[in-house]
1. Name every residue in segment A:150-163 that is touching a residue at least 24 places away in the same chain (Cβ under 8 Å) and open to solvent by less than 80 Å² (accessible area, probe 1.4 Å), in order of residue number.
2. Which one of these is in contact (Cβ under 8 Å) with a residue 40 or more places away in the chain and within 12 Å of chain A (Cβ to nearest Cβ): B:ALA76, B:ALA105?
3. Could you please give the count of residues in segment B:36-54 that are buried (at least 21 other Cβ atoms within 10 Å of the Cβ) and either in a helix (DSSP H, G or I) or without any contact (Cβ under 8 Å) to a residue 40 or more places away in the chain (or both)?
4. Going through segment B:142-165 one residue at a time, which ones are touching a helix residue (DSSP H, G or I) at 6+ places or on another chain (Cβ under 7 Å), open to solvent by 10 Å² or more (accessible area, probe 1.4 Å) and of a type in the set (Gly, Ala, Ser)?
5. Would you confirm, using the coordinates I've provided, whether B:ALA68 is under 21 Å from A:ARG226 (Cα atoms), at pLDDT below 95 and crowded, with 17+ Cβ neighbours inside 10 Å?
6. Looking at (1) surrounded by fewer than 17 Cβ atoms within 10 Å (Cβ to Cβ); (2) within 12 Å of chain A (Cβ to nearest Cβ), can you tell me which one B:THR57 breaks?
7. Of the conditions (1) within 30 Å of A:HIS280 (Cα to Cα); (2) part of a helix (DSSP H, G or I); (3) open to solvent by 40 Å² or more (accessible area, probe 1.4 Å); (4) acidic (Asp, Glu), B:GLU103 satisfies every one except a single condition; which number is it?
8. For B:GLU129, work out the one condition from (1) assigned by TED's automatic domain parsing to the domain that holds B:LEU224; (2) surrounded by fewer than 22 Cβ atoms within 10 Å (Cβ to Cβ); (3) not β-branched (Val, Ile, Thr) it doesn't fulfil.
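The values are calculated or read from the model by the stated rules, or taken from the named source; none is laboratory data. Just so we're clear, the structure is a prediction, and the values are computed from it rather than from any experiment. Here the Cβ is made from the backbone with ideal geometry for all residues, glycine too, and neighbour counts use every protein chain on show. Ligands, DNA and RNA are stripped out before the accessible areas are found, and what is left, the full protein with its side chains, is counted by its heavy atoms. Shrake-Rupley method; radii C 1.70, N 1.55, O 1.52, S 1.80 Å.
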Amino acid sequence: MENIATAQVEKTRFRPGLFSLLASILVISGLASLAIGRFDVPLTHVAGILASNILPMDPWWSSVEARVVDLIRLPRILLAGIAGAGLAVAGAALQGIFRNPLVGPQIIGVSSGAAFGGAFAILISESRLLLIGAAFGFGMLAIVIVYTISRQQGRASILMLVLSGIVTSAFFSALVSVTKFVADPDDKLPAIVFWLMGSFASASYDKVFLIAIPVVAGSTVIYMMRFQINVLSLGDEEAQALGLKVERTRWIALTAIALISSAVVAAAGVIGWVGLVIPHFARMLIGPDHRVIIPISALIGATYLIHVDNVARTAIAAEIPVGIITALVGAPVFGYLLRRSANKGWTTE
Amino acid sequence: MIEVDGLSFRYGDEWIFRNVCFSVEAGQTTAILGPNGRGKTTLLKAIVGLIKAETGTVQLNGRIGYVAQRAEIAFAYDVIDIVVMGRAAQVGLFRTPGKTDYEHARQALAQLNLEQYADRPFDRLSGGERQLVMIARALASQCQILVLDEPASALDFGNQDLVLSTLRRVAEDEDLAVLFTTHFPQHAAHIADQALLLHDRDRQEWGPSSQMLAEDKLEELYGLPIQALEYKRDGQSGVTFAPLYS
């Protein structure tokens with residue numbers, strides 16, 4: 001009897017109710033967003049268009065509406081959702097690994113690396129595929145550089161990792177500046193600047209699949225390591241004393257994070273603050289356990305970026321870069337969260 | 001259970017200790033005493049395997065549980081979630097703790113009478129309770145050897161007694177080999193069967209607590225006069241130590 005009771009207690013610790021609620025909000029947000037946009041498509045038409053993809057039925061909507069929903073909005077919403085979930089998972093994992101709620105995917109230099117790769121690709125070519133490939137490749141190169149700089153005598157301390165991340169980040173930022181400096185100011189420069197600010201405007205199903213693979217793969221690895229991330233957050237020595245292979249575990253997680261962040265930058269440019277704010281918010285909601293924080297962050301992150309993108313594409317006549325909105329919202333919200341949660345969910349050292 | 005033979009360690013050119021030899025049997029407790037900077041923590045880390053000794057061997061016949069000096073964590077997990085991390089070695093990469101792991105964690109909490117704290121956030125506990133949670137985490141790994149770095153040094157009198165007495169009871173119940181460092185000879189006198197005095201990097205003394213915890217040896221160790229005070233009150237008797245400050 002006691003064992004059954006124990007098992008039930010353990011299960012409720014993972015808050016199935018909250019998961020269902022957040023998952024429902026995500027699905028509803030996604031569906032509702034299909035109806036939002038400058039071109040008006042009523043919700044009933046959206047429902048019909050989606051259903052007709054699976055079931056044969058007579059249309060009560062126009063073919064233009066079907067194209068807008070199926071070919072423009074749906075891939076864009078999927079892309080925003082995948083990016084949001086990925087960034088939030090990456091951020092939650094990084095905060096655990098670095099034992100610090102103030103780090104985001106930027107800290108390990110991957111975003112800057114990917115940003116340079118993308119900017120350089122825009123400079124030398126028109127190819128979208130090259131852009132994605134270069135952004136992804138340089139993002140992964142950044143983590144290799146961080147790895148190389150930070151390791152001393154076969155191991156890397158947290159401090160060395162952070163400093164190596166800053167160095168790598170600064171170097172690639174300088175390269176981005178070089179790219180901008182040499183870019184044609186009438187043609188290439190605006191393209192680079194706009195891309196760097198982040199946008200889902202160029203979403204397509206090809207892009208969705210291309211990005212979904214690394215993001216889902218990386219997130220799955222992180223999710224499978226959610227308990228190990230708890231242990232890593234105790235600090236190197238304690239984790240090692242508890243029998244965890246610290247170096248190996250940390251680098252597997254960091255590689256997965258780099259995979260996610262590079263893919264997101266490749267698809268949508270640099271979108272800051274999501275990886276920082278969302279896990280922090282999740283932690284306030286349900287406590288610090290990464291076994292819960294990681295999946296919850298994914299749900300909240302996806303919902304959040306879908307709504308941010310709704311604002312980006314509808315607020316004014318022109319597209320607003322997503323990165324601008326996430327920063328405008330993220331910075332003050334983060335400041336507020338910091339003040340509210342001082343010593344709640346995490347403690348200062 | 002612990003057999004340390006000729007252990008030496010150095011940072012760069014500076015030797016911290018040389019040729020340390022002692023052993024701890026199952027069901028026995030050994031205290032390590034020495035002034036600041038004499039290498040108590042370093043010695044423990046070398047024994048646990050967190051750092052590599054220059055020469056010498058450490059033989060451990062059993063799983064080791066280590067309780068570090070600083071009972072602080074970056075995130076205020078619930079107590080049960082911290083204790084279950086003691087199972088990290090058994091859980092394995094890409095896996096999460098299962099029913100058995102939680103059973104061991106709850107059992108460890110029960111051993112230390114901490115069941116009622118299981119679902120509380122760690123940062124709401126007192127210093128003594130935190131230390132006990134860290135011990136529970138080590139016990140959850142089903143260790144046969146318990147190594148603790150100053151388990152009671154940062155605690156008030158009441159919590160010192162709570163942690164030390166609990167430690168002694170668990171060591172007896174579970175037949176553990178216990179090794180701990182302390183700055184207080186009375187802690188060693190309270191629970192240790194043997195004491196290791198780190199006088200100098202080349203000179204250590206190891207023997208039964210009753211012989212090691214003597215005024216002259218402690219005065220040499222700490223460099224000031226120390227008064228041993230025997231007490232007998234309310235059926236309790238023992239010895240405690242008072243430094244005579246200049």
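1. A:GLY154, A:ALA156, A:SER157, A:ILE158, A:LEU161, A:VAL162
2. Exactly one of B:ALA76, B:ALA105 is in contact (Cβ under 8 Å) with a residue 40 or more places away in the chain and within 12 Å of chain A (Cβ to nearest Cβ), namely B:ALA76.
3. 7
4. Of everything in segment B:142-165, just one residue is touching a helix residue (DSSP H, G or I) at 6+ places or on another chain (Cβ under 7 Å), open to solvent by 10 Å² or more (accessible area, probe 1.4 Å) and of a type in the set (Gly, Ala, Ser), namely B:ALA154.
5. no
6. With (1) surrounded by fewer than 17 Cβ atoms within 10 Å (Cβ to Cβ); (2) within 12 Å of chain A (Cβ to nearest Cβ) applied to B:THR57, the lone miss is (2).
7. Here B:GLU103 meets the rest and fails (1).
8. Against the list (1) assigned by TED's automatic domain parsing to the domain that holds B:LEU224; (2) surrounded by fewer than 22 Cβ atoms within 10 Å (Cβ to Cβ); (3) not β-branched (Val, Ile, Thr), B:GLU129 comes up short only on (1).
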